[in-house]
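Notes to accompany the following structure.
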Amino acid sequence: VIASNRLPVRLTHEGGTLELHPSAGGLASALRAVRGDSIWIGWPGRVIPRSLHAAATERLAADNLVPVFLSQGDEDGFYNRVCNDTLWPLLHYFGDRLRLTPEAWARYVQVNERFADAIIEHSGPGSRVWIHDFHLMLVPAMLRRRAPDLVVGFFLHTPFPSSEVYRLLPAREEVLRGLLGADYVSFQVGDYARHFRSSCLRILGLD
């Protein structure tokens, strides 16, 4: 089971007709080549009216794709205000751009919970779950609490900053504990793994 913020396709609807288009993102392009027959869970790239959810789910199921639908409020709070305005700047050392409100963070938690729900619904005994990127950093721990037998891996497709920079995140403990729910946590280069371990030690006291 693959889970990422975006599916490898995006849905459009004109006049009630649903159309699929390939996603342009680098993560979707890279994983498309290695997914095999995996189920892929993610957002279809735009707000879909509730009246079309059933039809969209059926259309995507033909390609082993499972949608997590976001409302306009979800897109604004989860995607724009937390992922784009908080986590992305922090992970790339733009601490002066970091903006976070309790309301937006609550939306991030809610969307991560919905991804965890979808993963559990589509996982069976012995399933391996591969979670991708900073949009879903809380999902591993949510799965560990509710489905401890799942094998869970997480890969971060951005830098992980030094512990001094990471400490700027108000939810720093929650995010670290979220990631530590995974059996495997992977980074692009060794320095990022070292920064993560340093943050676990300095913030959580975990060696």
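The values are calculated or read from the model by the stated rules, or taken from the named source; none is laboratory data. All of these numbers come straight from a predicted model, not from anything done at the bench. Virtual Cβ from ideal backbone geometry, glycine too; neighbours counted across all protein chains shown. These area figures cover heavy atoms from the full protein model, side chains too; ligands, DNA and RNA do not enter into them. Shrake-Rupley method; radii C 1.70, N 1.55, O 1.52, S 1.80 Å.
Here are the numbers for the structure shown:
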| read-out | value |
| --- | --- |
| Of all accessible heavy-atom area on the chain, the percent that carbon and sulfur account for (1.4 Å) | 50 |
| Amide H contacts of SER186 (H built 1.01 Å from N, under 5 Å, at least 5 apart or other chain) | PHE154, PHE155, LEU156 |
| Helix-only [θ]222 nm of the chain, DSSP H runs n ≥ 4, -39500 (n - 2.57) each, per residue, nearest 500 | -9500 deg cm²/dmol |
| From the coordinates shown, Rg/Rh (Cα atoms, Kirkwood Rh) corresponds to which of [x] 1.03; [y] 0.93; [z] 0.96 | [z] |
| Accessible solvent surface per residue of the chain, calculated while the other protein chains remain in place, 1.4 angstrom probe, Å² | 49 |
| Within the range 155-198: Cβ-based charge dipole about Cα centre, in debye rounded to nearest 20 (Lys, Arg +1; Asp, Glu -1) | 60 |
| Simple Cβ-charge dipole of the range 56-100, Lys/Arg +1 and Asp/Glu -1, about Cα centre, in debye nearest 20 | 160 |
| Simple Cβ-charge dipole of the chain, Lys/Arg +1 and Asp/Glu -1, about Cα centre, in debye nearest 20 | 280 |
| Once exposed loop chymotrypsin sites (Phe, Trp or Tyr not before Pro) are cut out (DSSP; at most 13 other Cβ, 10 Å), longest piece of the chain | 95-207 |
